[in-house]
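Below: the structure, in structure tokens.
The values are calculated or read from the model by the stated rules, or taken from the named source; none is laboratory data. What you are looking at is a predicted structure, and each value in this text was computed from that prediction instead of being measured. As a convention, Cβ positions derive from the backbone with ideal geometry for all residues, glycine included, and neighbour counts pool all protein chains shown. Remember, those area values only see protein heavy atoms, side chains included, never the ligands or the DNA or RNA. Shrake-Rupley method; radii C 1.70, N 1.55, O 1.52, S 1.80 Å.
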Amino acid sequence: MKNHTNNEKEIIDVLIIGGGPAGMTAAVYTSRAGLNTVIVEKEAPGGKMIKTEMIENFPGYEAIMGPDLSMKMYAHATSFGTKFEFNEVVHVKKLQEGLFEIHLLNEEILFAKTVILATGTKENELGVPGEQRLYGKGVSYCAVCDGAFHKGNDVAVVGGGYSAVQEGMYLKKFVNNLYVIVRKDHFRTDMVAVEKLRAMPNVKFLMESVVEEIIGDTKVEAIKVKDLKTGTVQELKVSAIFPYIGATPITQFVSDLDITDENGYVLANPKMRTSIEGLYVAGDVRDVPLRQIAIAVGDGAMAGQMAVEYLQNLR
């Protein structure tokens with residue numbers, strides 16, 4: 001896809017930023033409607049799905065490998081003519097004439113009639129050895145997605161907020177011992193939820209402690225945990241570790257458009273429309289209470305269809 005100037009524009013009907021489940025589902029709807037659809041994705045199609053070893057909670061599949069589901073969605077979207085541009089968006093602005101001007105990392109500029117933001121989030125990482133290497137192999141940021149794989153095993157949750165406590169309660173349905181590792185000497189959520197977790201059998205709280213290393217060759221086998229008060233380090237045998245220390249929405253490139261909340265998540269109405277006409281959102285980058293593939297797909301379907309109707313009304 002070549003660079004275009006203001007004097008000679010190739011105008012895309014629908015430009016989707018992000019090639020995960022939300023973006024690819026939106027593309028199915030817009031490309032089926034005969035619209036020129038382009039997805040800009042900086043990595044591989046599928047987003048977090050392609051890095052997930054096994055998915056068991058997506059309707060229609062008892063179990064499917066994350067890369068396999070990613071490629072099925074990719075094949076579906078491209079079968080109707082969706083094009084992929086493997087690049088990164090660095091800025092988006094709305095022109096007075098109604099078009100969107102999209103700047104890419106390689107200094108290419110694209111123009112589109114409508115844009116769908118589907119960039120998702122990036123989980124805040126522990127930043128310890130083994131974390132990235134064992135991602136999807138016992139390191140998971142989604143207990144609902146992966147907890148059942150560790151039935152009867154010992155696992156660890158890291159974090160002292162609401163998400164860590166709730167996900168710990170979910171995990172305890174499946175696992176044997178649950179280690180809850182908290183950097184502070186207190187939790188950052190209501191104590192009613194904490195006491196419910198504390199009342200469950202075989203839940204062990206490691207307060208004022210941090211994970212120093214995740215150990216394993218091809219999968220998580222153990223973690224090293226340091227007690228910040230005493231300085232002692234112990235090794236815990238676990239099959240998985242679930243860090244819940246927050247996530248960051250990928251919205252830096254639209255930070256000047258005034259469409260995000262104080263945490264950077266994109267705000268939209270139930271039809272996925274933002275406050276800017278022609279700009280839609282779908283998936284984890286939206287302010288939603290649960291981030292799952294099924295929800296992202298639903299968002300993508302709505303955003304795609306709303307973009308179709310928006311363009312039909314322009315004619």
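Just checking my list (i) 16.0; (ii) 22.6; (iii) 17.4 against mean projected area of the Cα convex hull in nm² computed from this structure; which label fits?
(iii)
Residue separation times 0.36 nm, minus the C-alpha to C-alpha distance between LEU267 and VAL233: what's the value?
Net length gain for the segment: 7.9 nm.
Based on Cβ point charges of +1 for Lys and Arg and -1 for Asp and Glu, what charge dipole magnitude is obtained for the chain about its Cα centre, in debye rounded to the nearest 20?
640 debye
Need the list of aspartates and glutamates near LYS94 for cross-linking: C-alpha distance under 17 angstrom, and skip anything on the same chain fewer than eight residues off.
List returned: GLU10, ASP13, GLU108, ASP256, ASP258, GLU277.
Can you say what percent of the DSSP beta bridges in segment 144-276, counting only those with both residues inside, are antiparallel? Round to 5.
Counting DSSP beta bridges with both partners in segment 144-276, the antiparallel share is about 50 percent.
Multiplying the sequence separation of TYR61 and LYS122 by 0.36 nm and subtracting their Cα-Cα distance, what value in nm do you get?
Going from the current span to full extension adds 19.4 nm.
With the cut-off at 24 Å, tell me which of the pairs LYS72/LYS151; LYS72/LYS172; LYS51/LYS122; LYS48/LYS204; LYS72/LYS93; LYS42/LYS93 have Cα atoms farther apart than that.
LYS72/LYS151; LYS72/LYS172; LYS48/LYS204; LYS72/LYS93
Mind checking which of GLU262, GLU88, GLU123 has the largest fluctuation in a GNM of the chain, springs on alpha carbons under 10 Å?
In this elastic network of the chain, the residue with the biggest mean-square fluctuation among GLU262, GLU88, GLU123 is GLU262.
From the square roots a ≥ b ≥ c of the eigenvalues of the alpha-carbon gyration tensor of segment 223-315, which class results: rounded (a/c under 1.5), prolate (a/b over b/c), or oblate?
Judged from the Cα gyration tensor, segment 223-315 comes out prolate (a/c at least 1.5, a/b above b/c).
Determine the share of the chain's accessible area contributed by carbon and sulfur atoms, expressed in whole percent, with a 1.4 angstrom probe.
The value for the chain is 49 percent carbon and sulfur by accessible area.
Tell me the angle of helix 162-171 to the major Cα principal axis of the chain, expressed in degrees between 0 and 90 and rounded to the nearest ten.
That helix lies at roughly 70 degrees to the long axis.
Could you grab the relative contact order for segment 34-75? Cα pairs under 8 Å, six or more apart, rounded to a whole percent.
Reported as a whole number, the value is 38 percent.
With a ≥ b ≥ c the root eigenvalues of the C-alpha gyration tensor of segment 176-249, is it rounded (a/c under 1.5), prolate (a/b larger than b/c) or oblate?
Rounded is the answer for segment 176-249, as its axis ratio a/c remains below 1.5.
Spelling out what I want: for every residue of segment 10-24, take phi, set θ = phi - 60°, compute 6.51 cos²θ - 1.76 cosθ + 1.60 (Karplus), and round to whole Hz; glycine and proline get x.
For segment 10-24, the Karplus curve yields 9, 9, 7, 5, 10, 10, 10, 9, x, x, x, x, 5, x, 6 Hz.
Per DSSP H run of n ≥ 4, the term is -39500 (n - 2.57); total these for the chain, divide by its residue number, and report the mean residue ellipticity at 222 nm rounded to 500 deg cm²/dmol.
Rounded to the nearest 500, the figure is -7000 deg cm²/dmol.
Run the numbers for ASP287 and ARG315: contour at 0.36 nm per residue of separation, minus the present Cα-Cα distance, in nm.
Difference between extended and current length: 6.9 nm.
Using a Förster radius of 45 Å, what is the FRET efficiency between TYR170 and SER275 based on their Cβ-Cβ separation? Nearest 0.05, please.
0.85
Please work out the average accessible area per residue across the chain, using the 1.4 Å probe convention, and give it in Å².
48 Å²
I'd like the FRET efficiency for ALA148 and LYS83, computed as 1/(1 + (r/R0)^6) with the beta carbon distance as r and R0 of 41 Å, rounded to 0.05.
So the FRET efficiency works out to roughly 0.65.
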